[in-house]
Amino acid sequence: MIPGQKEALLQSLDALKLELTFWERGGYEPMLGRFPARASESDPKNRFDENKRQMREGRSVFRDSPSCLNYGLLVREHPCSQCWLMSFVPAEKRGEAVPCHYVPLNKRADTVASLGGPGDAPEVQNAVLNWLRKTIQQLEDALAQSQ
């Protein structure tokens with residue numbers, strides 16, 4: 001493995017697992033007056049803190065996740081170019097307003113943008129959850145082979 005590549009894989013793996021946890025805890029489900037998917041108080045990666053999240057109309061997949069650099073902010077303070085998801089975004093889509101919505105999620109290259117639904121839409125949920133699980137497994141396999 002190239003120096004730094006293992007660290008990048010570990011960072012992506014951690015972020016993917018955080019995103020999967022967010023989904024599994026109902027992070028994109030309708031809120032019904034509450035903030036979604038809070039981690040326990042003792043969780044050192046407690047990025048599910050409801051106090052960090054400011055209300056916005058609708059929920060955007062990846063953008064309204066604690067794995068986003070701009071989580072809970074009404075205005076994007078950090079450039080998407082610094083996001084861990086950029087390595088999964090095709091080069092020609094990295095200039096889009098929300099580049100993470102162009103991550104190819106399956107063999108048909110469906111994306112959050114092409115599926116066009118909110119985070120609680122079944123087709124979006126299935127595609128993203130399958131992609132997360134598959135990508136986590138691929139990264140874990142790559143790390144295991146490197147050791």
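The values are calculated or read from the model by the stated rules, or taken from the named source; none is laboratory data. In this text the structure is predicted, and so the values were computed from the model without any measurement. All Cβ positions, glycine included, derive from the backbone under ideal geometry; neighbour counts span all protein chains shown.
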**OP:** Out of the residues in the range 104-126 that are of a type in the set (Asp, Glu) and assigned to a loop (DSSP other than H, G, I, E, B), state the one that is surrounded by the fewest Cβ atoms within 10 Å (Cβ to Cβ).
**Re:** Asp120
Subject >> Residue list for the range 90-103, filter: among the hydrophobic types (A, V, I, L, M, F, W, C) and either surrounded by 20 or more Cβ atoms within 10 Å (Cβ to Cβ) or in contact with a Phe, Trp or Tyr (Cβ under 7 Å, 6 or more places away or on another chain) (or both) >> reply: Cys100, Val103
**OP:** Please verify whether the range 82-89 includes one or more residues that are among the polar types (S, T, N, Q), buried (at least 16 other Cβ atoms within 10 Å of the Cβ) and part of a helix (DSSP H, G or I).
**Re:** no
Original post:
With respect to the numbered conditions (1) in contact (Cβ under 8 Å) with a residue 60 or more places away in the chain; (2) within 14 Å of the chain's Cα centre (by Cα), which one is the sole condition not fulfilled by Leu139?
Top reply: (2)
Original post:
Can you spot a residue in the range 84-103 that is among the polar types (S, T, N, Q) and modelled with pLDDT of 85 or more?
Top reply: yes
Original post:
Where residues in the range 5-31 are surrounded by 13 or more Cβ atoms within 10 Å (Cβ to Cβ), among the charged types (D, E, K, R) and within 14 Å of Asp120 (Cα to Cα), which of them is modelled with the highest pLDDT?
Top reply: Arg25
